[in-house]
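Below is one structure, written out as structure tokens, with a few remarks after it.
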Amino acid sequence: MRIGIGYDIHPLKAGRKLILGGVEIPFEKGLLGHSDADALFHAIGDALLGALGAGDMGDHFPDTDPRFQGQSSSFFLQEILKKVKKAGYVVHHLDSNVILEKPKLGPYKEEMVANISKLLKVSRDRVNVKAKRNEGLGSLGRGEGIAAQAVVLLRPK
Ligand code: MG
């Protein structure tokens, strides 16, 4: 078995779409970044690369590369899953946190789990997404951005 941890954070800005776990969430602001800035998918990508011992998302998809401008983050996960497969592993379990003050993620978590499970070819009962408020503390608590954490366990195929 191999385990990996991932973390990501993006600032919230007016005039951007809010996309988390591949779900477009109606909100007055969205995450700012070179790609679609899906912090949850990026944390999952880093966790997968970590489990492979293959560096980080920045090594594989640099934000200076125009090919990744506005790119859907599902593309990154699909590319990383190819590496997982090539190394002879499958995803065994994935847990994650999304840390944000607003909006409420409850109504969208199931769709996020469905997206992750489909992209990573793992059953839904082995994927978990948790939403946490930062209780008003710090920049996340002031609603200036959204962070995500993920832990992934891989097992040999
Ligand atoms: Mg990112």
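The values are calculated or read from the model by the stated rules, or taken from the named source; none is laboratory data. All values reported here derive from a predicted model rather than from experimental measurement. Cβ: placed from backbone, ideal geometry, glycine included. Neighbour counts: every protein chain shown. Ligands, DNA and RNA are stripped out before the accessible areas are found, and what is left, the full protein with its side chains, is counted by its heavy atoms. Shrake-Rupley method; radii C 1.70, N 1.55, O 1.52, S 1.80 Å.
Quick check on segment 94-111. Is at least one of its residues among the hydroxyl-bearing types (Ser, Thr, Tyr), within 25 Å of LEU140 (Cβ to Cβ), within 16 Å of the ligand (Cβ to nearest atom) and at pLDDT 95 or above?
Yes, the conditions are met somewhere in segment 94-111.
Give just the number: which of (1) outside any helix (DSSP H, G or I); (2) within 25 Å of GLU24 (Cβ to Cβ); (3) polar (S, T, N, Q) does THR64 not satisfy?
(2)
Just the residues that are out of contact with any Asp or Glu (no Cβ under 8 Å at 6 or more places or on another chain) and open to solvent by 10 Å² or more (accessible area, probe 1.4 Å), please, taken from segment 45-55. Full working, then the answer.
Step one: list which residues in segment 45-55 are out of contact with any Asp or Glu (no Cβ under 8 Å at 6 or more places or on another chain), which gives 45, 47-48, 51-55.
Once the filter is applied, which keeps residues that are out of contact with any Asp or Glu (no Cβ under 8 Å at 6 or more places or on another chain) and open to solvent by 10 Å² or more (accessible area, probe 1.4 Å), segment 45-55 yields LEU52, GLY53, ALA54, GLY55.
Quick one: which residue in ALA114, ALA37, ALA87 is touching a strand residue (DSSP E or B) at 6+ places or on another chain (Cβ under 7 Å) and either within 13 Å of the ligand (Cβ to nearest atom) or modelled with pLDDT of 95 or more (or both)?
Numbers: ALA114 fails: touching a strand residue (DSSP E or B) at 6+ places or on another chain (Cβ under 7 Å); ALA87 fails: touching a strand residue (DSSP E or B) at 6+ places or on another chain (Cβ under 7 Å).
So the residue among ALA114, ALA37, ALA87 that is touching a strand residue (DSSP E or B) at 6+ places or on another chain (Cβ under 7 Å) and either within 13 Å of the ligand (Cβ to nearest atom) or modelled with pLDDT of 95 or more (or both) is ALA37.
If you take the residues of segment 61-85 that are touching a residue at least 24 places away in the same chain (Cβ under 8 Å) and among the basic types (Lys, Arg), which of them is least open to solvent (accessible area, probe 1.4 Å)?
Within segment 61-85, the match that is least open to solvent (accessible area, probe 1.4 Å) is LYS83.
Considering GLU28, GLU24, which residue is free of Cβ contacts under 8 Å to residues at least 12 places away in the same chain, open to solvent by 10 Å² or more (accessible area, probe 1.4 Å) and at negative phi?
GLU24
In this structure, is GLY58 open to solvent by 10 Å² or more (accessible area, probe 1.4 Å), free of Cβ contacts under 8 Å to residues at least 12 places away in the same chain, within 16 Å of the ligand (Cβ to nearest atom) and under 16 Å from the mean Cα position of the chain (by Cα)?
yes
What pairs come up if the first residue lies in segment 115-133 and is closer than 19 Å to LEU81 by Cα, the second is open to solvent by 100 Å² or more (accessible area, probe 1.4 Å), and their beta carbons are under 8 Å apart, counting only those six or more places apart or on different chains?
SER117/ARG124
From the residues in segment 19-32 that are over 24 Å from VAL152 (Cα atoms) and either part of a strand (DSSP E or B) or not charged (D, E, K, R) (or both), which one is nearest to the ligand (Cβ to nearest atom)?
Step by step, filter segment 19-32, then rank; the result is LEU32.
Cβ-Cβ distance below 7 Å, separation of 6 or more or different chains: which pairs start in segment 1-17 with a residue that is within 15 Å of the ligand (Cβ to nearest atom) and end on one that is basic (Lys, Arg) and part of a strand (DSSP E or B)?
Pairs found: LEU12/LYS29; LYS13/LYS29; ARG16/LYS29.
Which condition number does ALA43 fail, the rest of (1) within 13 Å of the ligand (Cβ to nearest atom); (2) out of contact with any Gly (no Cβ under 9 Å at 6 or more places or on another chain); (3) among the hydrophobic types (A, V, I, L, M, F, W, C) being met?
(2)
Can you pull out the residues in segment 86-138 that are open to solvent by 50 Å² or more (accessible area, probe 1.4 Å), within 16 Å of PRO26 (Cβ to Cβ) and in contact with a Gly (Cβ under 9 Å, 6 or more places away or on another chain)?
Residues satisfying the conditions are LYS102, TYR108, LYS109, GLU111.
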